[in-house]
Each structure stands twice: as structure tokens, then as C-alpha cells.
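Enquirer: Handing you a structure now.
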Number of protein chains: 2
Amino acid sequence: MNEIKIFCPATIANLNCGFDVLGLCLEGIGDEMVIRQTTEKGIRITKITGADLPLETAKNVAGVAALALVNTINPDCGFEIEIHKKIKAGSGIGSSSASAAGAVFGINELLGRPFTKPQLVDFAMKGEALASGCEHADNVAPCVLGGFTLVRGYNPLDVIKIQSPSELFAVVLHPQIELKTSDSRAVLPSAVPLKDAITQWGNLGGFIAGLYTSDYSLISRSLRDVVIEPHRHKLIPGFENVKNAALDAGALGSGISGAGPSIFALCKGQDKAEKVAYAMSSSFLDTGIAFDFHISKVNDEGVKTI
Amino acid sequence: MNEIKIFCPATIANLNCGFDVLGLCLEGIGDEMVIRQTTEKGIRITKITGADLPLETAKNVAGVAALALVNTINPDCGFEIEIHKKIKAGSGIGSSSASAAGAVFGINELLGRPFTKPQLVDFAMKGEALASGCEHADNVAPCVLGGFTLVRGYNPLDVIKIQSPSELFAVVLHPQIELKTSDSRAVLPSAVPLKDAITQWGNLGGFIAGLYTSDYSLISRSLRDVVIEPHRHKLIPGFENVKNAALDAGALGSGISGAGPSIFALCKGQDKAEKVAYAMSSSFLDTGIAFDFHISKVNDEGVKTI
């Protein structure tokens, strides 16, 4: 095998109670990449469709992630990368992470899997840093590992896959506005009242316990954000109405996907997810802003060969 | 049955990464109480041994907790309570919580269990508030429910029992100094740097995931406290040496038990726990302060009839 075609799924980071630590992998929404082994050494981005992104390796997240991997083992070959973007940049569902994860996954497959999935997260994070300005694993971890993931800590990177119940579906409503991650970060406070931090870690603990025990009610009670959402929601037109519409329609919880502007909801079962997606979309129509939406089962596999 | 004798176990709250939300129930260390049903209505504390505590019902945590329960259903009888304290007040292993939990557990048993265990936590919290000044469930929850517990939130109280692996042992070293909870609270900051809060909820999530999956390494990596311990440890003589001695001897983690002054360690297996207890005790000798210590398996049952 000297060529591989891969699917690089979109992801939701933060999930209300897990700012910068929790993530979730989606199904049916993602980029495609083709990676080709070459006799010439080095990494070349040969084609990008669906987005206006740099072909220069050192300026492309997939290129930087790929370099992080190959520079570690210096293989006797090189790689060409084609990127077919389906996830819009800046949508808040891990567009750059998908490219970074896809590159390192594909190269690892072509090399006969010298690296474990957690090691791939580490390499992908180097690419992701090019887009976000710092090394974050909250989108690359679920993209590589699938399912729900927790970034326990950095130094060294410690990423855990969390077991989750089978009937969880995610809805993502993506308002077609540009919201820069830097602007989303700028509204955040540098400190959190201790009582709010306690509330947040109670909810995070409840959410993880709910995932392990398939307790949908506990998952629902825990899907709250008293730390980030109160500052960030103002940047997203119609956010409160869409969230309330999701909850009224029976979503387990709803919040900002990653740094926004996408709004997510988690639901039990596909029927409920479709009802919630309809309610969220109907509510968002009032803003007059174009949008698209996705309904997705939790993708337990993550990035994969197709 | 119109008389019941009960064992009210000691507990460890906070457990490094779960300030105000996590707790753990101990075995072999606890108070005993005798509760007697009487034809005369009301709650009377008839005897207290092992501590100098008020017999007046409204000034005794067991009395206040008992009143919270009986005032809800107004039974056609009353109760006498004898308290035999073995857990020293102000030791940081849930002395007042044990009395509060024991009272409501015993009365509930005598009344034929009209209330669920989570409801008993709510009543016990009312008694605990008399001692600590505010309603906290992080000690009463593990005392009533057993095992590891998470207080997901208040309003309404939401307490979850967390599954835990079978080989976990706790060591508690209790320096015989007085450390008032109010003093322990006074050193805490009112706000936490966002980056530290993120570190803390990453660790809390990892700890809970480690409990569900019996991953002792993950439990160990997660048993860290970047929020409270840096402020509180100065109140406890010898803390850093004892903690380091515990870790050097192979403890999974070590920290301040509740509001202190007790220092706890978690260990895998009884042999390791004994080794760790010896190392902690040897280290603490340097302070010249009297102390006692306990080695305990996790008590999965909680308060019980004996």
C-alpha cells in the first residue's frame, strides 16, 4: 500500500462543563484526505479543495503535524497530501484538528503504525497549534481516538477515551458567520470565582459518571456551563433562543461548540435529535443569518481509512 | 425493633482534585450511636461519651439532623440518641458528619425506611451545617452512601455514588493539633486562575474515569491539587515531608483530608498502605507533634447497623 484515503471527522470540544478538556467525535461530517508515500523525502501538500488554505507545508496544519511525526523517526521516504475540506474553517467543530489528525493518522498507517493513537494526538496537536496559537488537544484527541475524550493534562500529554452510551446523538447548528478563536478567547476571564469552579468540576464529574453508567438524566443535569458560556454566548447571534429551543424540544443539553459560533445539542436517540435539530433551526431563522446543521451519532472510531 | 446500634464511619473529603465535591468512606474508624424509639415525641440526646459536646438537641449536629428528618413527617413517636465519639472533632475526617449521618440513618431504620439514602444525605447536611456554618455534603454523602461519592450540585442536592476498584486503601495521619475549619476556609482565594481551574477539572475527570475503569495509574496521575493545597498546606506542620514520604513509599497520591489537619494517602493494596503509613508516620515524628494514624479499606457500605 502506498496510497491511502481517509475520513477526518468533525469534533465538538468543551461540551459545556469541560472547557479545554472534553471532546466528542462526530460521524458523517468530516474532511477527506489522500496520502501518498513517495520515494522523495519530505512532506508536500499537493492539492486542497473546498477551502483557501496554504499549500506550503510549514504554513498548513496538516503539513506541520506531518512534519512533527516524520521528524521523529526520519523515514526513508516522503509523503504527498491531498486535502478535501468539507468542514468549514472557523466553524467551531474542529476543522484544523481534522486536517492535523488526518495527516498523522494516514502517514502512520502507511508506515505500518509505528505510533500509538495517543502519540498521534501529540503530533496532531503540533499542527493544531499553527491554527490556534497554542497546543490544544481537545479537538484532536476525539478526532484521533473517537468517542468522548478527556485531556487529563499536558506535560506530558495525558488523553483518556471515555466510554459512552450507545444512543447519544449530537446536533450541530453552524451559523455562517466568522468568529475568530482569538476573539472567542479574548472575552474569557483570567480567573474564575472559586464557587463557580466548584460548580463546574461537580458537573464535569457528573457528566463523566453519566457517560460510564449510561445515565442520561445525570448526563443532562451535568451539561451546564457557569464559567465560559456566560462570557461567550454574546458573540453568537440567537444563541440563547436556539439553546432554549433545543432544551424545550427535549435535548439533554446544549451549548457552544468549541470556540463557536456553532451551537451543539446532545440528545438521546435519533428521533429526538431530528426533532431538536428542527427546533434549533426554526429558532435560528429569526436571525436572518445563513446556517447549516448536522445530526450525528457519536463516532466511536475516529479518523479512519475509507 | 425500638432500639438500634449503629456504626458511623469517618470520611475523607476533597481528595486533592475534588474540593467540595468528592468524598470517600472509611472502614474501622467511626463513632457508635444508639438510637431508641420513645413514645414521647421529640429528639433527646441522652448521653455523649468521648467528646465534650452539647446535649441540647438544637446545639448538637446529630440533634439538628434528626429534627430535620422528623419535622418532615412528624411521626407519632420520639427518639433518644446516645453518641459515642471515636472520631476526634476537628480532625478533618468528618467527625460532625458522622454524627449527623448516624442520627438520620438510625431514625430512618426505626421508622421502617421512609426515606432514601440520598434524602438522608439532605437531612444530615442540615446537621452538618451547624458545625461548619454552611450546608456541605462532601462528608455526609460518603458517610451515608459508602464508597466514593460526588456532589454534582446543590439546588437541588444531587449526590452520586461512584464505582471504585476493590484494592484501594486509604491511610490517614492525624496530627493532634486544632485546625478550625473557619481558619482553613479563610486562607482560600475567592477566585482561581482559569488555567488552574482547567487543570483541576482535567484531574477530577481523570480521577473519576480511573475509578470506573480500575485504572490505578490514571487514579494516581489525577490525584493532584493545584487549587487548594498550595494555600492550605502551610497550616499543617510537616505536610510536605509527609506527603513526599507517602509518594516515595508508593502511594497513588496524598493530600489534605477535608479541611485538615489530617493528611491522607490512597494506595493499591493493604501491604502498600502499611508501608506508606509507616513512611508517613516516620516522617511526621520530626515535628514532635503527637499523632495517630489509620489504615482503612474503602468502606462501600457506609453507615450501618451493628
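The values are calculated or read from the model by the stated rules, or taken from the named source; none is laboratory data. Everything numeric in this text was worked out from a predicted model, so none of it was measured. Here the Cβ positions follow ideal geometry from the backbone for every residue, glycine too, while neighbour counts run over all protein chains shown.
Enquirer: Take the residues in the range A:97-139 that are part of a helix (DSSP H, G or I) and of a type in the set (Val, Ile, Thr); name whichever of them is farthest from the chain's Cα centre (by Cα). I'd like the intermediate steps shown before the answer.
Expert: Of the residues in the range A:97-139, the ones part of a helix (DSSP H, G or I) are A:97-110, A:117-132.
In the following step, the residues that additionally are of a type in the set (Val, Ile, Thr) were identified as A:104, A:107, A:121.
On the way: A:104: 16, A:107: 20, A:121: 12 Å.
Restricting to residues being part of a helix (DSSP H, G or I) and of a type in the set (Val, Ile, Thr), the top hit is A:107.
Enquirer: Moving on. Kindly check whether there is at least one residue in the range B:246-256 that is in contact with a Gly (Cβ under 7 Å, 6 or more places away or on another chain), assigned to a helix (DSSP H, G or I), at pLDDT 95 or above and crowded, with 17+ Cβ neighbours inside 10 Å.
Expert: no
Enquirer: Go through the range B:257-282 and give me each residue that's in a strand (DSSP E or B) and farther than 17 Å from residue B:231 by Cβ. Spell out how you get there, then give the answer.
Expert: In the first step, residues of the range B:257-282 are kept if they are in a strand (DSSP E or B); the result is B:263-268.
Result: B:264, B:265, B:266, B:267, B:268.
Here is a yes/no grid of residues against (1) at pLDDT below 95; (2) assigned by TED's automatic domain parsing to the domain that holds residue B:62:
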| site | (1), (2) |
| --- | --- |
| B:126 | yes, yes |
| B:130 | yes, yes |
| B:145 | no, yes |
| B:174 | no, no |
| B:199 | no, no |
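Enquirer: Now for a separate question. Regarding residue B:257, is this residue over 22 Å from the mean Cα position of the chain (by Cα) and of a type outside the set (Asp, Glu)? Even if it seems obvious, please write down each step before you answer.
Expert: Values: over 22 Å from the mean Cα position of the chain (by Cα): no; of a type outside the set (Asp, Glu): yes.
When the stated conditions are applied, residue B:257 does not pass them.
Enquirer: Related question: Would you call residue B:204 in contact (Cβ under 8 Å) with a residue 24 or more places away in the chain, crowded, with 22+ Cβ neighbours inside 10 Å and within 14 Å of another protein chain (Cβ to nearest Cβ)? Steps first, answer last, please.
Expert: Values: in contact (Cβ under 8 Å) with a residue 24 or more places away in the chain: yes; crowded, with 22+ Cβ neighbours inside 10 Å: yes; within 14 Å of another protein chain (Cβ to nearest Cβ): yes.
Considered against the rule, which asks whether it is in contact (Cβ under 8 Å) with a residue 24 or more places away in the chain, crowded, with 22+ Cβ neighbours inside 10 Å and within 14 Å of another protein chain (Cβ to nearest Cβ), residue B:204 comes out as yes.
Enquirer: Identify, by number, the condition in (1) closer than 21 Å to residue A:26 by Cα; (2) surrounded by 21 or more Cβ atoms within 10 Å (Cβ to Cβ) that residue A:147 doesn't meet.
Expert: (2)
Enquirer: Further question on the same structure: Criterion first (at positive phi and at pLDDT below 95) does residue A:238 satisfy it? Full working, then the answer.
Expert: Numbers: at positive phi: yes; at pLDDT below 95: no.
Criteria not met by residue A:238.
Enquirer: Follow-up. Test each condition in (1) closer than 14 Å to residue B:35 by Cβ; (2) buried (at least 21 other Cβ atoms within 10 Å of the Cβ) for residue B:110 and report the one that comes out false.
Expert: Failed condition: (2).
Enquirer: Kindly provide the set of residues from the range A:156-183 that are within 14 Å of chain B (Cβ to nearest Cβ) and within 25 Å of residue A:279 (Cβ to Cβ), ordered by number. Walk me through it before giving the result.
Expert: Here is the first cut: in the range A:156-183, the ones within 14 Å of chain B (Cβ to nearest Cβ) are A:156-165.
Result: A:164, A:165.
Enquirer: Look through the range A:178-192, keep the residues that are in contact with a strand residue (DSSP E or B) (Cβ under 9 Å, 6 or more places away or on another chain) and among the aliphatic types (A, V, I, L, M), and return whichever of them is surrounded by the fewest Cβ atoms within 10 Å (Cβ to Cβ).
Expert: Taking the range A:178-192 first, the residues in contact with a strand residue (DSSP E or B) (Cβ under 9 Å, 6 or more places away or on another chain) are A:184, A:189-192.
Still in the running and among the aliphatic types (A, V, I, L, M): A:191-192.
Details: A:191: 15, A:192: 24.
Only one residue fits best here, namely A:191.
Enquirer: Also: Would you be able to say whether some residue in the range A:81-92 is buried (at least 20 other Cβ atoms within 10 Å of the Cβ) and either within 14 Å of chain B (Cβ to nearest Cβ) or assigned to a strand (DSSP E or B) (or both)?
Expert: Yes: one or more hits.
Enquirer: Kindly indicate whether residue A:236 is in contact with a His (Cβ under 7 Å, 6 or more places away or on another chain) and either within 11 Å of chain B (Cβ to nearest Cβ) or among the aliphatic types (A, V, I, L, M) (or both). Quick ask: steps written out before the conclusion?
Expert: Working: in contact with a His (Cβ under 7 Å, 6 or more places away or on another chain): no; either within 11 Å of chain B (Cβ to nearest Cβ) or among the aliphatic types (A, V, I, L, M) (or both): yes.
Considered against the rule, which asks whether it is in contact with a His (Cβ under 7 Å, 6 or more places away or on another chain) and either within 11 Å of chain B (Cβ to nearest Cβ) or among the aliphatic types (A, V, I, L, M) (or both), residue A:236 comes out as no.
Enquirer: Scanning the range A:1-27 for residues that are under 11 Å from the mean Cα position of the chain (by Cα) and of a type in the set (Val, Ile, Thr), which turns out farthest from residue A:111 (Cα to Cα)?
Expert: So the residue we want is A:12.
Enquirer: Among the candidates A:209, A:186, A:197, which residue alone is facing chain B (nearest Cβ under 8 Å) and either free of Cβ contacts under 8 Å to residues at least 24 places away in the same chain or touching a Pro at 6+ places or on another chain (Cβ under 7 Å) (or both)? If you could, list the steps in order and put the result at the bottom.
Expert: On the way: A:186 fails: facing chain B (nearest Cβ under 8 Å); A:197 fails: either free of Cβ contacts under 8 Å to residues at least 24 places away in the same chain or touching a Pro at 6+ places or on another chain (Cβ under 7 Å) (or both).
Among A:209, A:186, A:197, only A:209 is facing chain B (nearest Cβ under 8 Å) and either free of Cβ contacts under 8 Å to residues at least 24 places away in the same chain or touching a Pro at 6+ places or on another chain (Cβ under 7 Å) (or both).
Enquirer: Which members of the range A:21-52 meet the condition of being buried (at least 20 other Cβ atoms within 10 Å of the Cβ) and not in a strand (DSSP E or B)?
Expert: A:21
Enquirer: When you scan the range A:215-225, how many residues do you find that are touching a strand residue (DSSP E or B) at 6+ places or on another chain (Cβ under 9 Å) and more than 9 Å from every other protein chain (Cβ to nearest Cβ)? Break it down into steps so the answer makes sense when it comes.
Expert: The initial filter retains those residues of the range A:215-225 that are touching a strand residue (DSSP E or B) at 6+ places or on another chain (Cβ under 9 Å), namely A:215-216, A:218-225.
Those still in the list that are more than 9 Å from every other protein chain (Cβ to nearest Cβ) too: A:216, A:219-220, A:223, A:225.
Residues flagged as touching a strand residue (DSSP E or B) at 6+ places or on another chain (Cβ under 9 Å) and more than 9 Å from every other protein chain (Cβ to nearest Cβ) within the range A:215-225 amount to 5.
Enquirer: Any residue at all in the range B:221-229 that is within 30 Å of residue B:6 (Cα to Cα) and either of a type outside the set (A, V, I, L, M, F, W, C) or surrounded by 19 or more Cβ atoms within 10 Å (Cβ to Cβ) (or both)? Before the answer, list the steps.
Expert: Restricting attention to the range B:221-229, the residues satisfying the condition of being within 30 Å of residue B:6 (Cα to Cα) are none.
No: zero hits.
Enquirer: Give the range B:251-306 a look and list any residue that's in contact with a Pro (Cβ under 6 Å, 6 or more places away or on another chain) and hydrophobic (A, V, I, L, M, F, W, C), or say none.
Expert: Applying the first criterion (in contact with a Pro (Cβ under 6 Å, 6 or more places away or on another chain)) to the range B:251-306 yields B:261, B:287, B:289, B:291, B:299.
Within the range B:251-306, B:289, B:291 qualify.
Enquirer: Quick one: count up the residues across the range B:9-44 that are free of Cβ contacts under 8 Å to residues at least 40 places away in the same chain and among the polar types (S, T, N, Q).
Expert: Of the residues in the range B:9-44, 1 are free of Cβ contacts under 8 Å to residues at least 40 places away in the same chain and among the polar types (S, T, N, Q).
Enquirer: Right, something else. Determine, yes or no, whether residue A:191 is within 12 Å of chain B (Cβ to nearest Cβ) and small (Gly, Ala, Ser).
Expert: yes
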